[in-house]
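Working notes, structure below.
Since every read-out is calculated from the coordinates, none of them should be taken as a lab result. From a predicted model like this one, the values you see are computed outputs, not experimental measurements. Methodologically, a virtual Cβ is constructed for each residue, glycine included, from the backbone with ideal geometry; neighbour enumeration extends over all protein chains shown.
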Amino acid sequence: MKKAFTLIELMVAMGLLAMVIGFASVIFRVSIDSQRSAAANSEIMQKLRVIVEQLDADFKGCSTEYPGYMGLHTDKFTIAGKAVTVNSDCIAFFANGDFQSTQQYGGQTVVGNVACIVYCQPDPNSFIAPQKPQDRILLRRQTILTAANPTTASNPRGEYYSKSLSEWQVGPPFIDGSDWVRRPVIDPNILKDYLPMYMAKGVDNFTIKYAEYDTAAQKVLWKRSTEGSPGGIRTNAFKFEFTFYDSKGFIKNGRTFTHIIFLGS
């Protein structure tokens, strides 16, 4: 006598198989999402670490002889029918250290002990359409002040400028402070033109605040302002706020971080 599945047993077996396949697909999807999330977070944390370490290194040598200038920029876009407002601030200051150009000029690498450091984002007019958050770029421009003049490339917005800090103070190349922190217009199709300034991609809502004692409130407040003239803003601390996005756009709203830098008493 041969044994065989009854119709009910067959239906039960098929139901169990469907459940197992369903659970397996859910576990597989969760596993893939977890892997993608881990990769996205790892990418974001790498960007954060690179930027924070560079900020710390630059401000460690921040010169107090001629304080820098801040520029406030708030852009409004309409993306997919939705109004979006993002900050894109700039800061320019001088730092002491050992600096060298990324390119050669007149067959030599330009070096110097003082540089004008600028953190900013490109002018939005650089792009035909509003960029996605994961495509927005943070720039860091390093202009070395040097006595050398190997070529005619000396430019206060270039990699080197053939002036000393004292000469800059006496005759600033930017009479208007807002011009000093003017966001550069770049050509996204010609990477080599702004490669020396390229810091990180996927940085949005870049906001800079400075600490100031408010006599009315009798406490220290964080302020975001363009007040002051070139070399006019003096503070003991800066607060940087930025939202990072992974290149795949997996983390839809990105991750927002705050980094505070103390300059001393």
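Some observations on this one:
- Sorting the segments 119-126, 94-101 by their mean number of nearby beta carbons within 10 angstrom, highest to lowest, gives 119-126, 94-101.
- For region 27-162, the relative contact order is 17 percent, taking Cα pairs closer than 8 Å that sit 6 or more residues apart in sequence and dividing their mean separation by the residue count.
- Residue (of ILE190, ASN87, ALA57) at the positive-pole extreme of region 19-262, dipole from beta-carbon charges: ASN87
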